Amino acid sequence: MRNTNTPVAVEGYPFIAGFAAVAALLALLGQFLHFGFFIPAALFLLLALFSLFFFRNPERTTPAGENMVVAPADGEVIFLGKVTEPHTGAEMEKISIFMSVFSVHINRAPITSKVVDSFYNKGKFYDVRDERATFENEQQGLVLESATGSRMVVVQVAGLIARRIICYAKVGDQLTRGRRYGLIRFGSRLDVYLPLGTRIDVAMNQMTVAGETVLGILP
């Protein structure tokens with residue numbers, strides 16, 4: 001998996017380098033031509049710094065515990081409840097986590113598991129707080145199976161600004177709880193579907209930390 005030992009996600013390098021290069025070029029042009037390039041150069045420098053901030057990739061300490069499910073994303077819990085999971089058709093407990101542009105956008109495996117299925121739906125880009133996003137937005141999902149046979153689904157949902165879902169995990173991969181498995185660029189949502197009977201340990205509007213906050217305990 002990528003980004004294991006990088007303080008900034010590699011997917012951010014082109015943005016950081018590109019904005020910084022334009023800022024440097026404009027600053028040089030301003031010096032040589034004695035023209036007002038200072039403001040646009042400063043704007044591109046700010047974009048480079050924001051990209052550095054956005055693609056930050058901090059280390060996390062993942063708690064240990066059998067059947068413990070941790071948050072796959074930093075953000076705010078915006079939905080809790082029983083639903084029919086669209087891909088499997090099973091009734092499950094759903095937890096939705098909203099990531100703003102200020103959140104860390106690296107996604108982490110919620111449980112030690114095997115990837116038994118993967119699906120991708122090309123779709124629209126509604127605001128992820130709109131329930132239509134569940135069914136109509138672009139999304140990438142994984143069906144995970146724990147060592148005890150419990151199955152859960154984790155779905156990366158693109159949003160109004162987010163236009164690029166990146167998922168490193170493939171069917172057959174073994175994931176360790178808290179391991180980085182992907183990211184979404186510029187604001188988005190993670191949906192976690194847990195089997196009925198799971199003990200839910202988070203509340204609405206709670207802020208989560210990927211790889212650290214315990215969402216619940218599988219039955």
Per the filter on the range 26-44, residues at pLDDT 90 or above and either within 30 Å of Thr176 (Cβ to Cβ) or open to solvent by 90 Å² or more (accessible area, probe 1.4 Å) (or both) are Leu43
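Can you give me the number of residues within the range 180-210 that are touching a residue at least 24 places away in the same chain (Cβ under 8 Å), open to solvent by 40 Å² or more (accessible area, probe 1.4 Å) and over 18 Å from the mean Cα position of the chain (by Cα)? Write out each step before concluding.
Pass one, the range 180-210, residues touching a residue at least 24 places away in the same chain (Cβ under 8 Å): 180-196, 198, 200, 202-210.
Those left that are additionally open to solvent by 40 Å² or more (accessible area, probe 1.4 Å): 185-186, 196, 200, 203-207, 209.
Now narrow it down to the ones that are over 18 Å from the mean Cα position of the chain (by Cα): 196, 200, 203-204.
Final tally of qualifying residues: 4.
For every residue, the table says whether it meets (1) closer than 22 Å to Tyr168 by Cβ; (2) within 25 Å of the chain's Cα centre (by Cα); (3) without any contact (Cβ under 8 Å) to a residue 60 or more places away in the chain.
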| site | (1), (2), (3) |
| --- | --- |
| Phe19 | no, yes, yes |
| Val22 | no, no, yes |
| Phe44 | no, no, yes |
| Ala48 | no, yes, yes |
| Ser51 | yes, yes, yes |
| Val69 | yes, yes, no |
| Val83 | no, yes, no |
For Val143, the lone unmet condition from (1) surrounded by fewer than 22 Cβ atoms within 10 Å (Cβ to Cβ); (2) at pLDDT 95 or above; (3) assigned to a loop (DSSP other than H, G, I, E, B) is (3)
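Being over 13 Å from Thr208 (Cβ atoms) and open to solvent by less than 10 Å² (accessible area, probe 1.4 Å) is the filter here; which residues of the range 71-91 pass it?
Here is the first cut: in the range 71-91, the ones over 13 Å from Thr208 (Cβ atoms) are 81-91.
The answer is Glu85, and nothing else.
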Restricting the range 99-127 to residues that are among the hydrophobic types (A, V, I, L, M, F, W, C) and either part of a loop (DSSP other than H, G, I, E, B) or surrounded by 22 or more Cβ atoms within 10 Å (Cβ to Cβ) (or both), the one modelled with the lowest pLDDT turns out to be Phe125
Note to self: For the range 163-179, check the following and say yes or no: at least one residue is of a type in the set (A, V, I, L, M, F, W, C), modelled with pLDDT of 90 or more, farther than 19 Å from Phe79 by Cβ and open to solvent by 50 Å² or more (accessible area, probe 1.4 Å).
What the structure shows: yes
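The values are calculated or read from the model by the stated rules, or taken from the named source; none is laboratory data. All of these numbers come straight from a predicted model, not from anything done at the bench. Positions of Cβ are backbone-derived with ideal geometry, glycine not excepted, and every protein chain shown enters the neighbour counts. Ligands, DNA and RNA are stripped out before the accessible areas are found, and what is left, the full protein with its side chains, is counted by its heavy atoms. Shrake-Rupley method; radii C 1.70, N 1.55, O 1.52, S 1.80 Å.
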